[in-house]
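The values are calculated or read from the model by the stated rules, or taken from the named source; none is laboratory data. As the structure is a computational prediction, the values presented were derived from the model and not from experiment. Cβ placement follows ideal geometry from the backbone for every residue including glycine, while neighbour counts extend to all protein chains displayed. Areas reflect the complete protein model, heavy atoms only, side chains present, ligands, DNA and RNA absent. Shrake-Rupley method; radii C 1.70, N 1.55, O 1.52, S 1.80 Å.
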Amino acid sequence: GGRQSLYGITKRGDAYLSHTSAAWLWGIPGFDLEPIHVARRYEGTRRPSRLARIHNLRGVPDAHLGEVDGIPVASPVLTCFQVAAATASRARTERAVDNVLVMGLARTSTFHSLLRTLAERGRNGIRIMRSILEERPPGYRPPESGNETRFQVLCDRYGIRLRRQVEIGDDDHFVTRVDFQD
């Protein structure tokens, strides 16, 4: 992709595109730029804005703040946490997390690391993210298509347990990987 990103370059007081607006900038399917969401470092003031919805950042590691194409933005992982907080939708957040993983924007271990950092009492969206990440341990491979996702949902609904993302072959000869194996 043509997007250039740089993280860990924050300065105190900077503002960043966040929440669903950041998801749009990252190209995560299902999100729009507007209404524009901006997060800023919390400094005790709450000046309103007619241009954007303003959110205050607290306890966010600098590694999750940076820029894409010159636009200050939250990392894809932080963006998913913000989507969980803003939408309170487990299904929408789950799709966002899986899309970030499929797009190669982050690994599950990064989600788990940020969960440990942000999991403080009273923070919106943490319960949703915790439940999603319980099903996505480090090394988890998300569904790579809508059909695969739908099939998994149907299997879960009817209690059918299948192995996912199974490599066929042996140590000397890889044949293929199948989405599901019974």
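Taking all protein chains together and a 1.4 Å probe, the residues Arg40, Arg157 rank Arg157, Arg40 from largest to smallest accessible area.
Listed peptides 134-143, 91-100 appear in the order 91-100, 134-143 once ranked by packing, highest mean of other Cβ atoms within 10 Å at the front.
Note on Leu105: accessible area approximately 60 square angstrom, rounded to 10, probe 1.4 Å, nucleic acids and ligands left out. The label point for Leu33 and the one for Ser89, both projected 7 Å from the Cα toward the Cβ, are 2.1 nm apart. Derived scalar couplings between HN and Hα for segment 65-75 equal 10, x, 8, 10, 6, x, 9, x, 8, 6, 4 Hz in order, rounded to whole Hz, by the Karplus curve 6.51 cos²θ - 1.76 cosθ + 1.60 (θ = phi - 60°), x for Gly and Pro. Multiplying the residue separation of Asp69 and Arg130 by 0.36 nm and removing their Cα-Cα distance gives an extension gain of 18.9 nm. Loop-resident chymotrypsin sites (Phe, Trp or Tyr not before Pro) (DSSP state other than H, G, I, E or B) in segment 20-104 with no more than 14 further Cβ atoms inside 10 Å of their Cβ: Tyr42. Annotation: per residue accessible area for segment 51-182 equals 59 Å², rounded to a whole number [probe 1.4 Å, protein chains only].
By DSSP, the beta bridges lying fully in segment 28-182 are antiparallel in about 65 percent of cases.
If you wrap the tightest convex hull around every Cα atom of the chain and split its volume per residue, you get 144 Å³.
Computed in the context of the full set of protein chains, the accessible area of segment 12-171 at 1.4 Å probe radius has 47% of its extent on carbon or sulfur. Heavy-atom accessible surface of Met103, to the nearest 10 Å², is about 80 Å², with a 1.4 Å probe and all protein chains retained.
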